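Data first, discussion second: the structure below is written as structure tokens.
The values are calculated or read from the model by the stated rules, or taken from the named source; none is laboratory data. It should be emphasised that the depicted structure is a prediction, and the values quoted were computed from it without experimental measurement. Positions of Cβ are generated from backbone atoms using ideal geometry, with glycine treated the same way; all protein chains shown enter the neighbour counts. Side chains included, ligands, DNA and RNA excluded: accessible areas come from the protein's heavy atoms. Shrake-Rupley method; radii C 1.70, N 1.55, O 1.52, S 1.80 Å.
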Amino acid sequence: MYNFEYNRPASLDDALKALSSGEEVKLMAGGQTLIPTLKQRLAQPSKVVDLSGIAELKGITVEGNAVVIGAMTTHATVAASAEVKAKIPALANLAHGIGDPQVRNRGTLGGSISNNDPAADYPAALMALGATVHTNKRQLAAEDFFAGMFTTALEEDEILTKVSFPVPEKAAYAKFAQPASRYALVGVFVAKTSGGVRVAVTGAGEDGVFRVSDFEAALSKNFAASALDGITVPADGLNTDIHGAADYRAHLIGVMAKRAVQAAG
Amino acid sequence: MAISVSMTVNGKTVSGDVEARTLLVQFLREQLQLTGTHVGCDTSQCGACVVHIDGESVKSCTVLAAQVNGTSVTTIEGLANNGTLHPMQEAFREHHGLQCGFCTPGMVMSAIDLVKTHPKPDEHTIREWLEGNICRCTGYHNIVKAIKAGAEKMSAA
Ligand SMILES: Cc1cc2nc3c(=O)[nH]c(=O)nc-3n(C[C@H](O)[C@H](O)[C@H](O)COP(=O)(O)OP(=O)(O)OC[C@H]3O[C@@H](n4cnc5c(N)ncnc54)[C@H](O)[C@@H]3O)c2cc1C
Ligand code: FES
Ligand code: FES
């Protein structure tokens, strides 16, 4: 790992100042992706700005019909939160299924979605629940935030502050985990909301998370696993790697979507 | 540029100068000579480096020393009390939960974190919790037995 300057501001303003210092700056949440990236010299920032000292980026609140989670809230905190379990149990389950306990103790919601790993779990929840991403300067619909593999709409001088998740009527997440890493080989989040059913898939797409409109239409008419019988997802645009081929992933999307619908009840 | 850090390690206040890139595990092993915390993979996978920061288990190969400035760190060396093994260590000894012992410090530190929220974990919970701890020797069976027994002893203590 190359050396860098380290700083840990206590306020969002100070962090924004450090970001606009003109140097090559990287923000750090829990470091669970950033530190491995620095070790591999895939990033060589001259300065790392640790966001863990900024109190306003942490915590979970219920605001109206939404659960609002701070960017620096860890996966372990989301998984154990009484508010999340009561309002959106599928989201607590998803957080509980990320990686392993030690990763969940350090890894954060903000770090996960800013990184937008195509196999990460949270992007599916944001897309299916129709979440809103808040930054220091604007609000973005999940759809506009995720912009392809490892890419988001975040600008260089922008810090993600929180995510607002509307509470669905019911929802569930079903993941077929890659056995070594626990990342999603295919993960499907299904949510029945007042505006209809939304289905989002992670782990499978070449461009990251995406929605499946054929599944959504069928489930909006009849919210039952059997409603998906005979509807297939094309393998075009899906990943092929050592863990599975595109046609295998296409098949798994159907299987995991049915399991999610069953789990949602 | 050196950064001064100060923290509590195993109950004692320690301070030292580190580089920004110094990992917590390097600080513990190389500066404090606490070599009970192991590095198996250095890629966040194996759990040999697990320590507690303010009571939570973390992989010390994936945390910077600078990030834990001001916290309280516990390593495997901090568990025994005046030569008496911690109940979880004792359970590993009693139930043959180790062979070469390389993974053991991390296993024990993870296990103790589990007991905080699950005073009487069942086998399934233990196996799920060990997702981030890899053992090349034992086949896990006796580790799981040891953790179950260690948890019972801890809850009884
Ligand atoms: C062994 C292992 C297994 C894992 N398994 C899974 C899994 O099963 N599923 C899954 O979804 N994930 C998994 N992960 C990833 C994990 O969920 C982490 O949350 C993720 O790595 C991000 O880490 P972090 O929050 O510490 O962010 P960091 O590593 O600190 O940051 C990640 C990136 O986001 C940027 N960033 C962070 N916060 C902000 C912010 N507020 N505003 C703008 N940019 C920001 C950083 O600059 C950096 O580029 C795994 C990781 C490991 C090491
Ligand atoms: S050495 Fe830290 S996880 Fe393997
Ligand atoms: S006892 Fe040898 S690696 Fe676990």
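Figures for the structure shown
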| read-out | value |
| --- | --- |
| Any hit, the range A:111-127, residues being under 22 Å from A:Ala264 (Cβ atoms) and within 13 Å of chain B (Cβ to nearest Cβ) | no |
| Yes/no for B:Glu77 being closer than 29 Å to B:Leu23 by Cα, among the acidic types (Asp, Glu) and in contact (Cβ under 8 Å) with a residue 12 or more places away in the chain | yes |
| Close pairs from the range B:134-150: first β-branched (Val, Ile, Thr) and within 12 Å of ligand 3 (Cβ to nearest atom), partner open to solvent by less than 30 Å² (accessible area, probe 1.4 Å) and assigned to a helix (DSSP H, G or I), Cβ under 6 Å, at least 6 apart | B:Ile143/B:Met107 |
| Among (1) outside any strand (DSSP E or B); (2) touching a Gly at 6+ places or on another chain (Cβ under 9 Å); (3) open to solvent by less than 20 Å² (accessible area, probe 1.4 Å) - the single one A:Met149 does not satisfy | (3) |
| Test: residue in the range A:241-249 that is in contact with a Ser or Thr (Cβ under 7 Å, 6 or more places away or on another chain), at pLDDT 95 or above, of a type in the set (A, V, I, L, M) and outside any loop (DSSP other than H, G, I, E, B) | yes |
| Total residues in the range B:94-128, condition touching a Ser or Thr at 6+ places or on another chain (Cβ under 7 Å) and within 16 Å of ligand 2 (Cβ to nearest atom) | 4 |
| Options B:Gly40, B:Gly47: the member that is within 16 Å of ligand 3 (Cβ to nearest atom), open to solvent by less than 30 Å² (accessible area, probe 1.4 Å) and in contact (Cβ under 8 Å) with a residue 12 or more places away in the chain | B:Gly47 |
| Elements of type strands (runs of 3 or more DSSP E) contained in the range B:1-113, each with 3 or more residues being within 14 Å of chain A (Cβ to nearest Cβ) and more than 16 Å from ligand 1 (Cβ to nearest atom) | B:2-9, B:12-19 |
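The rows are residues; the columns are (1) more than 20 Å from A:Gly99 (Cβ to Cβ); (2) open to solvent by less than 40 Å² (accessible area, probe 1.4 Å).
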| residue | (1), (2) |
| --- | --- |
| B:Leu79 | yes, yes |
| B:Ala91 | yes, yes |
| B:Met107 | no, yes |
| B:Lys116 | no, no |
| B:Thr125 | no, yes |
| B:Cys135 | no, yes |
| B:Ala156 | yes, no |
